Amino acid sequence: MLVGGVAVAAQPSNNDNKKKLTQLQSRITSLQLALDQDNKNKDIALNQLKDSEKAISKISAKLINLDKNISETREKLSRLQSQQHTLDQQVEQHKTFLTRQIRASYVIGKQEYIKLLLNQQNPATVSRIATYYQYFTKARVNRINDVTDDIALLRKTQNEIDIHRETLQKMRQQVSDNKSSLETQFIQRKDIVAKLSSRVQKKGDALKILLRDEEHLKRLLQQLTNDVSDVDNDLTQHKDFKTLKGRLPWPTAGTITAKFGTTRLSGQLKWKGVLIDTQPGKAIHAIAHGRVVFADWLRGFGMLIIINHGKGYMSLYGHNESLHKNLGDWVNAGEVIAAAGTSGGQKSSSLYFEIRHNGKPQNPKWWCKAVPN
């Protein structure tokens, strides 16, 4: 399209973006199925691990949402109870005022209103008494209306309090049920990991498995690199990722137990990223603005989230317990995207972190400003 005689690229509509994201999800799903079928002899234990860790991720994410909802409900309940207290005080004030008016009315009532008027000889006095009496009556009616409104609002507030208390009780029960399910899944996962570890040690397949896992990630990244260019036009509106080199934050606090480029498995392979030992459930943050292009389980990396930062740059976060973002979600620098865990067959809680440019691994130490602590 032309703007002031200058050609400007048409911006894709929301429907176009949704369509492209759906197509991307479809291609990723097809690739995952193909990767799962790479091993002709279907690995039942590995599939069980996948199912168990995905279930753990789902329950963990649900518990996080429940905790958030419980906190919000408690705040609402506190505000309602404060409102109830204020209304109670107002109703009591209304009652006190009306009691005084009734007493005053009783005193005046010893002489009928008509008698009060007829006993006065001065017209000005008659007018003043009539005006006072009308004011007195109007004030009483207004106060009665106020107390009626406050009592109605008090009842409504009490109903809302009852509803929020009931909601809170249900959510607490859901938390309890989900924690029980989570414990069951953790026990199942522990047994599966033990079986897999025993089998690998027995057959000596560790190198074979790691090579297969790296190949799967490579194929996934190739697929994503080919597909995300049309999806992420909006990234051009933000600062180029390459200009942030040396100033990026680390995704979480912890101890680096495996450094980029160091050897693993008796020197037969090298680390393409870093492994950060951290506490279970520790918040994982996006290192820069970008868009989630993958958020699912991948063999060897567990619950993995990949963020596209534009111009071929991507950051990868693996072994998470739960993912807080989905495919297509925009994230800002520092935003929580996941919770650290042991998915992918890990025995201890850690985060596997990579930065890549056009699929080529970059040393995170060159990009992040200080070691995590």
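The values are calculated or read from the model by the stated rules, or taken from the named source; none is laboratory data. Because the structure is predicted, anything quoted here is derived from the model rather than measured. Here the Cβ is made from the backbone with ideal geometry for all residues, glycine too, and neighbour counts use every protein chain on show.
For the condition modelled with pLDDT of 70 or more, loosely packed, with under 13 Cβ neighbours inside 10 Å and among the small types (Gly, Ala, Ser), what is the one hit in Ser60, Ser71?
Residue meeting the stated conditions: Ser71.
Would you check which residues across the stretch 317-362 are in contact with a His (Cβ under 6 Å, 6 or more places away or on another chain) and outside any strand (DSSP E or B) and list them?
The answer is Asn332, Ala333, Gly334, Ser343, Gly344, Gln346.
List the residue pairs whose Cβ atoms are under 8 Å apart, where the first residue sits in the stretch 175-201 and is under 13 Å from Leu46 (Cα atoms), the second is among the charged types (D, E, K, R) and part of a helix (DSSP H, G or I), and the two are 6 or more positions apart or on different chains.
Arg189/Glu53
Could you tell me how many of the residues in the stretch 18-41 are part of a loop (DSSP other than H, G, I, E, B) and either at pLDDT 70 or above or closer than 13 Å to Leu220 by Cα (or both)? Walk me through it before giving the result.
Here is the first cut: in the stretch 18-41, the ones part of a loop (DSSP other than H, G, I, E, B) are 37-41.
Filter once more, keeping what is either at pLDDT 70 or above or closer than 13 Å to Leu220 by Cα (or both): none.
So the answer is 0.
Select from the stretch 76-126 the residues that are modelled with pLDDT of 75 or more and small (Gly, Ala, Ser) and write down the one among them that is nearest to the chain's Cα centre (by Cα).
Ranking the candidates gives Ser78 first.
Do the conditions hold for His285, that is, is it closer than 27 Å to Lys179 by Cβ and either acidic (Asp, Glu) or more than 17 Å from the chain's Cα centre (by Cα) (or both)?
No: the conditions fail for His285.
Before we move on, is Ile129 over 19 Å from the mean Cα position of the chain (by Cα), at pLDDT below 60 and part of a helix (DSSP H, G or I)?
The answer is yes for Ile129.
For the subset of the stretch 280-317 comprising residues that are touching a Ser or Thr at 6+ places or on another chain (Cβ under 8 Å), without any contact (Cβ under 8 Å) to a residue 60 or more places away in the chain and not β-branched (Val, Ile, Thr), which member is surrounded by the fewest Cβ atoms within 10 Å (Cβ to Cβ)?
So, considering only residues that are touching a Ser or Thr at 6+ places or on another chain (Cβ under 8 Å), without any contact (Cβ under 8 Å) to a residue 60 or more places away in the chain and not β-branched (Val, Ile, Thr), the one surrounded by the fewest Cβ atoms within 10 Å (Cβ to Cβ) is Ala283.
Listed here are the residues, each with its yes/no results for (1) among the aliphatic types (A, V, I, L, M); (2) within 26 Å of Ser349 (Cβ to Cβ); (3) under 29 Å from the mean Cα position of the chain (by Cα).
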residue	(1), (2), (3)
Glu166	no, no, yes
Gln169	no, no, yes
Val175	yes, yes, yes
Thr184	no, yes, yes
Gln188	no, yes, yes
Ala194	yes, yes, no
